[in-house]
Amino acid sequence: MARPERILSLNLGMQTVSLAEFEVLPGGGLQLLGFAKSELILDSAADATRPLQIETVAKELRETLKAKAGAPVYACLPSQAVFSRFLKLPGATPEDVESIVGFEAQQNIPFPIEEVVWNHQIMGDRRDESWDIALVAIKTEQLTEVLDATTRGGLWARNVDVAPMALYNSFRYNYPEVEESALLIDLGARTTNLIFSENGRAFSRSIPIGGHAMSAAIAKEFEQDITLAEKLKIEKGLVGLGGAYADPEDPIEARLSKVIRNTMTRLHAEIARSVNFYRSTHGGTTPKRVFLCGGSTPLRYIAEFFVEKLQARVEFFNPLKNVVVAEGALPEETPPSSYGLGELVGCALRGLRNCPMEIALTPPAVVQAQIMARRIPNLALAAALLIAIPILWWFNTSRRATLLEEATAPFIAQAQALESASKGIDASLKEKKALDTEIAPFLLATAERSAWTNILNELSAKLPTRFIWVTSLAPVETEEAPAAPNQPNQKNPAPTDKAALKKSITHLEVKGLYLDNPPNEKGTALVDEFYDQLAGSPVFGINETTDRSSVITERTTPTGEAWAYGFTMRLPLKNPIILP
């Protein structure tokens, strides 16, 4: 019995690269045998090293799945790496379209046509005297650079797909029953891809807002490095529900929810514009079902957010709905809607040769090999060439590796020198941190020594000169637990040890009297005048946004039975005084 055909598919995302191995079942279906993924550096400053990263990651993933070196693979590029356009071309027959599509490609592709690899596909039947055309293109140099990197990693790309097209094929394979207007939202690292599916037709659009935009906003809000912001988003991130919903009890989660919701709101505005464009330009209808996928889908309440905004049925896209999953093929924590599984299934379907979207960017080397094979009628000569091609490929790869090693040698030496300097800087920073820790108690003691003098001087300076008196001052103490390290998914944290609580004086309670009927007839306004004098004080935390009633906690109403009446003010300190 013949061994079942194996298919490798590779998803080259902007942040996540994933590799999967499938087996073609006797009935023509797919079975997932293995899956592995790895992360690339998200910072745009590291884009120059992307080919080297892809090479390293491809080798690592291939070894994880125990695939042979040089194994053929169906690859997939992210949408932002490829130019795509959906056109309407006139013509009575598909042959008429083929005769003019080359001219349209030259007009629409923003690069010289001889410098790009491009392809197109007629989608569906003729409508309104025109045909729907999907056009994709990529610079030959860019495509070659990526494919050379995967080749050096031990994977040979026999076919190059585009992420939205692969997702559309995966969607049609797993949800053949959905004929109504549907929208697939792929929340990627740097872009969000929208794939519209309706009555056998497709339309795609990319929005330059993704998970990286959320991480950048979090980094700005918390004044952190982008890497730490990404980690914080993964551990505690959620989409704020807004409206009448209460904020999370965790203050960090509350801030995160607002930052992420702001980014998601901008994304929704772009999605709404894309839906209107799809309806007005391509004759589509408003999507009735929405499917979510991509690396940002694990964010809590993301589905609820889209339900609120799109007013449609929202669910997570399951790219493995009609795919058999072998035992142990996926880690338990891997959600099917994330990590590029949809693109991997879409690429693997090319091996079945039964895809509604057949458009692909054939690598130049593959095209050249096909042309040469057609021009050689002699079978023996063809066999000789087939033997020579691996030798030439090996020689070319070895030569490129040698040139790369020679080119990178000076940079490696420079990096080693910089690493040595970095260690010296790290040692100095460590010494500075130790000194800062050592002198911190002395600086604190010095500041606290003059704190009460400053408070009393400020209080005396702001007190009106007549008709109001202070009778007593009392500090207000507060106990606070020390900041705890981040512990995600901890529902019942352990109670704080009372001995570990820190005490500090955060408020000063001022009690006094004001004259009932002074000559200037200010009366109770004397207390307000005292409050206004304290507004903007460098010592007390009172400003234009402060609730006056939270500071003036008591003010006795004059009854005419006494010469003076009491008042109480709870003054917040800008710099609390830490108690030993």
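The values are calculated or read from the model by the stated rules, or taken from the named source; none is laboratory data. Keep in mind that what you see is a predicted model, and the values were worked out from it rather than measured. We place every Cβ from the backbone using ideal geometry, glycine too, and count neighbours over all the protein chains shown.
Going by what's in this entry, would Pro248 be described as farther than 17 Å from Pro164 by Cα, more than 16 Å from the chain's Cα centre (by Cα) and surrounded by fewer than 20 Cβ atoms within 10 Å (Cβ to Cβ)? In short, yes. So for region 288-298 (the condition being surrounded by fewer than 21 Cβ atoms within 10 Å (Cβ to Cβ) and over 22 Å from the mean Cα position of the chain (by Cα)), does at least one residue qualify? Yes: one or more hits. Among the numbered conditions (1) surrounded by fewer than 16 Cβ atoms within 10 Å (Cβ to Cβ); (2) within 30 Å of Met123 (Cβ to Cβ); (3) small (Gly, Ala, Ser), the only one that Gly242 does not meet is (2). Taking the criterion of being surrounded by fewer than 20 Cβ atoms within 10 Å (Cβ to Cβ) and either of a type outside the set (D, E, K, R) or farther than 20 Å from Met14 by Cβ (or both), the residues of region 134-151 that qualify are Thr140, Gln142, Thr144. Does Arg62 satisfy the criteria of being in contact (Cβ under 8 Å) with a residue 40 or more places away in the chain, of a type in the set (Lys, Arg) and in contact with a helix residue (DSSP H, G or I) (Cβ under 8 Å, 6 or more places away or on another chain)? Answer is no for this residue.
Results for (1) assigned to a strand (DSSP E or B); (2) not aliphatic (A, V, I, L, M), shown as yes or no for each residue.
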{"position": "Val136", "(1), (2)": "yes, no"}
{"position": "Asn159", "(1), (2)": "yes, yes"}
{"position": "Val178", "(1), (2)": "no, no"}
{"position": "Asp186", "(1), (2)": "yes, yes"}
{"position": "Ile195", "(1), (2)": "yes, no"}
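For Ser170, the requirement of being closer than 13 Å to Cys355 by Cβ and among the small types (Gly, Ala, Ser) is met.
Conditions (1) part of a helix (DSSP H, G or I); (2) of a type in the set (D, E, K, R); (3) out of contact with any Cys (no Cβ under 7 Å at 6 or more places or on another chain), marked per residue:
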site: Leu232; (1), (2), (3): yes, no, yes
site: Tyr245; (1), (2), (3): no, no, yes
site: Glu249; (1), (2), (3): no, yes, yes
site: Glu253; (1), (2), (3): yes, yes, yes
site: Asn262; (1), (2), (3): yes, no, yes
site: Arg273; (1), (2), (3): yes, yes, yes
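Only one of these conditions is not met by Glu270: (1) of a type in the set (Asp, Glu); (2) in contact (Cβ under 8 Å) with a residue 24 or more places away in the chain; (3) surrounded by fewer than 19 Cβ atoms within 10 Å (Cβ to Cβ); (4) more than 30 Å from Gly124 (Cβ to Cβ). Which number is it? Glu270 satisfies every listed condition except (4). The set of residues in region 308-324 being farther than 14 Å from Ala182 by Cβ and surrounded by 15 or more Cβ atoms within 10 Å (Cβ to Cβ) consists of Glu308, Lys309, Pro319, Leu320, Val323. Pairs are defined by a Cβ separation below 6 Å, a sequence spacing of at least 6 or placement on different chains, a first member in region 194-214 that is under 13 Å from Pro164 (Cα atoms), and a second member that is acidic (Asp, Glu); the pairs so defined are Ile207/Glu270. Within region 71-110, if we keep just the residues that are among the β-branched types (Val, Ile, Thr) and not in a helix (DSSP H, G or I), the residue that is surrounded by the fewest Cβ atoms within 10 Å (Cβ to Cβ) turns out to be Thr93. Of the residues screened, Val97 is one that is more than 30 Å from Ile389 (Cα to Cα) and among the β-branched types (Val, Ile, Thr). If I ask for residues that are surrounded by fewer than 11 Cβ atoms within 10 Å (Cβ to Cβ), small (Gly, Ala, Ser) and at pLDDT 85 or above, which ones from region 537-571 would you list? Of everything in region 537-571, those that are surrounded by fewer than 11 Cβ atoms within 10 Å (Cβ to Cβ), small (Gly, Ala, Ser) and at pLDDT 85 or above turn out to be Ser549, Ser550. In region 275-287, the qualifying residues are those that are assigned to a loop (DSSP other than H, G, I, E, B) and either of a type in the set (Ser, Thr, Tyr) or touching a Leu at 6+ places or on another chain (Cβ under 9 Å) (or both), and the one that is surrounded by the most Cβ atoms within 10 Å (Cβ to Cβ) is Pro287.
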